[in-house]
Amino acid sequence: MLRVDERFMRAAMAQAQKARLLDEVPIGCVIVREGKIIARGYNRRNTDRNTISHAEMNAIRKASRKLGDWRLEGCTIYVTLEPCQMCSGAIVQSRIDRCVIGAMNPKAGCAGSVMNLLQIAQFNHQVEITKGVLGEACGQMLSDFFRDLRRRKSREDSALAEEPAADPENEPDPEIESANAFCS
Ligand SMILES: [Zn+2]
């Protein structure tokens, strides 16, 4: 099973790379049913200028279109980063069976980090969770993205300033810090 999970997580990571090419936080997702990918999605929040354009929301929309049903029973969703409150809510609402997660998101994740919306006993649907599938690789993708963003930002700052800051790499940038708290 783990091998299969890794295969689909790699497909989700390929989606995350599409986000990265658009300068978006690299988060990707695929939805699998009966061993086949039926929908893919990646983060397009800035590109679409839309709060709800997270990887999971985009994939859920496509999966519903493909199946002709809002119910995604029998489906597994693979996400490179632990889903946020909105996406976790949509995963429960769409009745997806299982959620496989790459990296956890301690600041914003709602599949066990900040809270666990996927497994609230009072709701009529709970989602099985598998964590840490290619977690390091998924986390590394995000770290690389934010490192490049910091470097680019410090280069821009240096170009503007007469003298570069003493150690721009270590200066927390509020914009970047808030992006860091981003969830898929
Ligand atoms: Zn989300």
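Is there a residue in the stretch 44-65 that is among the charged types (D, E, K, R) and near the ligand (Cβ under 10 Å from one of its atoms)?
Within the stretch 44-65, one or more residues are among the charged types (D, E, K, R) and near the ligand (Cβ under 10 Å from one of its atoms).
In the set Ile96, Ile101, Ile120, which member is modelled with pLDDT of 95 or more, touching a Cys at 6+ places or on another chain (Cβ under 8 Å) and not acidic (Asp, Glu)?
Ile96 is the lone residue from the list that is modelled with pLDDT of 95 or more, touching a Cys at 6+ places or on another chain (Cβ under 8 Å) and not acidic (Asp, Glu).
Does Phe146 count as farther than 25 Å from Ala19 by Cβ and at pLDDT 95 or above?
no
Please work out which residue is surrounded by the fewest Cβ atoms within 10 Å (Cβ to Cβ), limiting yourself to the stretch 63-99 and to residues that are among the polar types (S, T, N, Q) and within 16 Å of the chain's Cα centre (by Cα).
If we take residues in the stretch 63-99 being among the polar types (S, T, N, Q) and within 16 Å of the chain's Cα centre (by Cα), then Gln85 is surrounded by the fewest Cβ atoms within 10 Å (Cβ to Cβ).
Within the stretch 152-168, identify whether any single residue is of a type outside the set (Val, Ile, Thr), modelled with pLDDT of 95 or more and outside any helix (DSSP H, G or I), and answer yes or no.
Within the stretch 152-168, none of the residues are of a type outside the set (Val, Ile, Thr), modelled with pLDDT of 95 or more and outside any helix (DSSP H, G or I).
Identify all residues within the stretch 80-100 that are within 12 Å of the ligand (Cβ to nearest atom), of a type in the set (Val, Ile, Thr) and without any contact (Cβ under 8 Å) to a residue 40 or more places away in the chain; write none if there are none.
Residue satisfying the conditions is Ile91 alone.
Could you check Ile120 against (1) touching a residue at least 40 places away in the same chain (Cβ under 8 Å); (2) over 15 Å from the mean Cα position of the chain (by Cα) and say which number it fails?
Unmet condition: (1).
Got a number for residues in the stretch 66-79 being among the β-branched types (Val, Ile, Thr) and away from the ligand (no atom under 16 Å from the Cβ)?
Residues in the stretch 66-79 being among the β-branched types (Val, Ile, Thr) and away from the ligand (no atom under 16 Å from the Cβ): 1 in total.
Residues in the stretch 1-47 that are surrounded by fewer than 14 Cβ atoms within 10 Å (Cβ to Cβ) and either part of a strand (DSSP E or B) or acidic (Asp, Glu) (or both): how many?
Within the stretch 1-47, residues that are surrounded by fewer than 14 Cβ atoms within 10 Å (Cβ to Cβ) and either part of a strand (DSSP E or B) or acidic (Asp, Glu) (or both) number 3.
The values are calculated or read from the model by the stated rules, or taken from the named source; none is laboratory data. The structure presented is a predicted model; accordingly, all values stated were derived computationally and were not measured. Glycine also receives a Cβ, built like all others from the backbone with ideal geometry; neighbour counts cover every protein chain displayed.
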